[in-house]
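Read-outs throughout are calculated quantities, based only on the coordinates presented, and are distinct from any laboratory measurement. Small disclaimer: the values here were computed from a predicted structure and weren't measured. Here the Cβ positions follow ideal geometry from the backbone for every residue, glycine too, while neighbour counts run over all protein chains shown.
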Amino acid sequence: LAASLLDSYSPLQSSWGLYLVFGGLVWILVASTRVFLHMLQGWVMFVSVFCFTFSTLLMCLYFCGAHGGKSSWIDAFYHSMAALFYLSAAVLQAHATILAHETLPFKLYQEDIAAVVFAFLATLLYVIHEGFSLLRWKSS
């Protein structure tokens, strides 16, 4: 089991921890601030919880060797969808933060800014992983 795990391990799989950290931070920061645009920030919460859950599930499946040691289109498809979801969530959270600039206390405004930054960082990680997943899938 350990040998098959090391054979199928790539440096990109270590970035899953960053997805979980950045996605979890977006989730926590949006949940801790005052939600006044329910539809916008509800979508951000859905995306962060959905991607956090499915990234954790995929990570467990890969570490257990359920993928059979080869890349599949499912990995590429998931990371493509997650990148699009997170991009939309980051843009909507940025819009909500801009609208809330005058109405929120400064501390909550800073939390919203941090949520935007981490949402864009999570988007970047998903896009990078999507590119490498597509390359791996096409070469296999």
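Is any helix in the chain, taking whole DSSP H runs, at least 30 angstrom long along its axis by alpha carbon and on average at least 0.5 on the Kyte-Doolittle scale, and which ones?
Span-like helices here: 38-64, 73-99, 106-139.
Residue farthest toward the positive end of the dipole of the chain, with Cβ of Lys/Arg at +1 and Asp/Glu at -1: which of PHE106, SER32, GLY65?
Checked the options; the winner is GLY65.
Give me the net charge of PHE36's neighbourhood, meaning all other residues with Cβ under 13 Å from the Cβ of PHE36; Lys, Arg count +1, Asp, Glu -1.
Within the 13 Å Cβ shell, the charges total -1.
Treat every Asp and Glu Cβ in the chain as -1 and every Lys and Arg Cβ as +1, leave all other atoms uncharged, and give the resulting dipole magnitude about the Cα centre to the nearest 20 debye.
160 debye
Name the most mobile residue of ALA89, ALA122, ALA31, meaning the one with the largest mean-square fluctuation, in a Gaussian network model of the chain with Cα contacts below 10 Å.
It is ALA31.
Would you calculate, for the chain, the mean residue ellipticity at 222 nm contributed by helices, counting each DSSP H stretch of 4 or more residues as -39,500 (n - 2.57) and dividing by all residues, to the nearest 500?
Details: 5 runs with 112 residues, N = 140.
Theoretical 222 nm ellipticity from helices: -28000 deg cm²/dmol.
Using a 10 Å cut-off on Cβ atoms, rank the peptides 94-107, 41-54 from the highest mean neighbour count down.
Ranked by mean Cβ neighbours within 10 Å, highest first: 41-54, 94-107.
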